[in-house]
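The values are calculated or read from the model by the stated rules, or taken from the named source; none is laboratory data. Keep in mind that this is a model prediction, so the values were computed, not measured. Every residue, glycine as well, gets a Cβ built from its backbone with ideal geometry; the counts of neighbours run over all protein chains shown. Note: areas computed on protein heavy atoms with side chains; ligands, DNA, RNA excluded. Shrake-Rupley method; radii C 1.70, N 1.55, O 1.52, S 1.80 Å.
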Amino acid sequence: QVQLDESGGGLVQPGGSLRLSCAASGSIFIIDAMGWYRQAPGKQRELVAAITIGGSTNYADSVKGRFTISRDNAKNTVYLQMNALKPEDTAIYYCEADVQVTMLGALKDYWGQGTQVTVSS
């Protein structure tokens, strides 16, 4: 099976920065798109940023210009650099990957367990 391990969350003051990492491991033939989602208390999970295997990116309007998603295909790892953090960025951040486990298999979504990001003074 495939496992996604996230790291890098924590408590940061407004205006600060954090870098999230998510490494995929297990039976992997290829990873297509990877992304970061977040869910704040009482709200639905929302897309923060996504990146294709070719490096094309997509961002939520609320994070454009502040967050940067990147990936290292050799390490099956996706990153989220978060700058100029705001209290409204507080949420549990989840990593997602579209993984094909065999050459003839179909793509399937896998999710990490989530990492807490808290922006507060």
Open item on the list: So the check is Cβ under 9 Å with 6+ separation or different chains; which pairs have a first residue in segment 105-121 that's under 22 Å from residue 88 (Cα atoms) and assigned to a strand (DSSP E or B) and a second one that's modelled with pLDDT of 95 or more and among the aromatic types (Phe, Trp, Tyr)?
Closed with: 115/93; 115/94; 116/93; 117/93
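Among the strands (runs of 3 or more DSSP E) lying completely within segment 12-77, list those that include at least 3 residues that are in contact (Cβ under 8 Å) with a residue 40 or more places away in the chain.
Passing ranges, in order: 18-26, 30-39.
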Task: Filter result for residue 60 (under 19 Å from residue 9 (Cβ atoms), open to solvent by less than 60 Å² (accessible area, probe 1.4 Å) and of a type in the set (Gly, Ala, Ser)) - done: yes
Open item on the list: Of all residues being under 13 Å from the mean Cα position of the chain (by Cα), within 15 Å of residue 40 (Cα to Cα) and among the small types (Gly, Ala, Ser) in segment 63-121, which is surrounded by the most Cβ atoms within 10 Å (Cβ to Cβ)? Just the residue, please.
Closed with: 91
Open item on the list: If a residue must be loosely packed, with under 15 Cβ neighbours inside 10 Å and farther than 17 Å from residue 91 by Cβ, how many such residues does segment 21-51 contain?
Closed with: 5
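Kindly provide the set of residues from segment 81-93 that are part of a strand (DSSP E or B) and out of contact with any Gly (no Cβ under 8 Å at 6 or more places or on another chain), ordered by number.
81, 82, 91
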